[in-house]
1. Among the basic types (Lys, Arg), open to solvent by 80 Å² or more (accessible area, probe 1.4 Å), in contact (Cβ under 8 Å) with a residue 12 or more places away in the chain and in contact with an Asp or Glu (Cβ under 8 Å, 6 or more places away or on another chain): which single residue out of 240, 246, 200 fits that description?
2. Going through segment 183-217 one residue at a time, which ones are assigned to a loop (DSSP other than H, G, I, E, B) and under 39 Å from the mean Cα position of the chain (by Cα)?
3. If residue 234 satisfies all but one of (1) surrounded by fewer than 20 Cβ atoms within 10 Å (Cβ to Cβ); (2) outside any strand (DSSP E or B), what's the number of the condition it fails?
4. Is there a residue being outside any strand (DSSP E or B) and at positive phi anywhere in segment 147-158?
5. Filter segment 7-58 down to the residues that are among the polar types (S, T, N, Q) and either in contact (Cβ under 8 Å) with a residue 40 or more places away in the chain or open to solvent by 60 Å² or more (accessible area, probe 1.4 Å) (or both) and list them by number.
6. Quick one: in segment 180-197, of everything that is closer than 15 Å to residue 228 by Cβ and of a type outside the set (Gly, Ala, Ser), which residue is modelled with the highest pLDDT?
Amino acid sequence: MDLENELRKAMAEQVAGASASPSLVADVRRRHRRRKTRIHAAAGAVAASVAALALVPTYQSFRATPAGNSETTRPTSSVSAFQQPERPPAPGQSRPPSAKERPGAGPTRHPEGHPPGVPGGPRKPGIGGLPAVPSWVTYLPDGLTAAAPCATTGTAKRKTTTCKWHGDAGWVEIVLVKGALAGPQELMKSTGLPGRTSVRGTPALTGDLPGSGRQISWLAGPNLGVTVSAAGPVSGQLMRIAEGVRP
């Protein structure tokens, strides 16, 4: 007899006297029901916990504000609760004027000041009562008067307006040229190599005039050139005068 048959015989003798219990099937079913009951109980507990956590924000949003909270006790009206309404004066009695009705209690109005040349501002006297400073000139040194009204010459393609003022401190001349211009070099009257500067960010050229005079020229816009010349002490304010020209 080989080894395989020996093993089969030994196994058959070992289990020959064994028998299954009559309640084996019932025990298996009972244990299965207990396991399902435990699983369902655990799932129910987890669901209850999740529902409780979800209800917390809702509860807080609907919770009433405490009675001592300043938001509920603060009056909605801007008038204090202890302030009594103003009673009308009795017939025959005069009530004192309020702070708004007292003379001088309101804001003091000062006359609006404008620099010379600004529309609506005062004008320096000129010849024949004409304004000596046009509206596009916003600054001139004191002590200067116009020798004549501004003069305009030229043709329809190119017009030149010249304004000149004299005084003990020197003279100032402003020239506007309206027409085709290649650059500020066409406006320069001085000889020699001009200097370079800017007027309110616009490139400009400067140069010396005969005597103590100086000039500055720039293009204030398309086909619009400006030249400001000055001599004497007022030539020290040449740049300020140029920045005040706003045609």
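1. Details: 240 fails: in contact with an Asp or Glu (Cβ under 8 Å, 6 or more places away or on another chain); 246 fails: in contact with an Asp or Glu (Cβ under 8 Å, 6 or more places away or on another chain).
None of the others qualify; the one that does is 200.
2. Restricting attention to segment 183-217, the residues satisfying the condition of being assigned to a loop (DSSP other than H, G, I, E, B) are 183, 188-194, 200-201, 209-213.
Within segment 183-217, 183, 200, 201 meet the criteria.
3. Only one criterion in (1) surrounded by fewer than 20 Cβ atoms within 10 Å (Cβ to Cβ); (2) outside any strand (DSSP E or B) is unmet by residue 234, namely (1).
4. Keep residues of segment 147-158 that are outside any strand (DSSP E or B), which gives 147-150, 155-158.
Remaining after also requiring at positive phi: none.
No - not one qualifying residue is present in segment 147-158.
5. Our first condition is that a residue be among the polar types (S, T, N, Q); within segment 7-58, this holds for 14, 19, 21, 23, 37, 49, 58.
Correct list: 14, 19, 21, 37, 49, 58.
6. As a first pass, look at segment 180-197 and keep what is closer than 15 Å to residue 228 by Cβ: 184, 187-190, 194-195, 197.
Keeping just the survivors that are of a type outside the set (Gly, Ala, Ser) gives 184, 187-189, 194, 197.
Values: 184: 90, 187: 90, 188: 87, 189: 83, 194: 89, 197: 94.
Only one residue fits best here, namely 197.
The values are calculated or read from the model by the stated rules, or taken from the named source; none is laboratory data. Everything numeric here is computed off the predicted structure, so don't read it as measured data. Please note: Cβ atoms are built from the backbone with ideal geometry, for glycine as well, and neighbour counts cover all protein chains shown. Ligands, DNA and RNA are stripped out before the accessible areas are found, and what is left, the full protein with its side chains, is counted by its heavy atoms. Shrake-Rupley method; radii C 1.70, N 1.55, O 1.52, S 1.80 Å.
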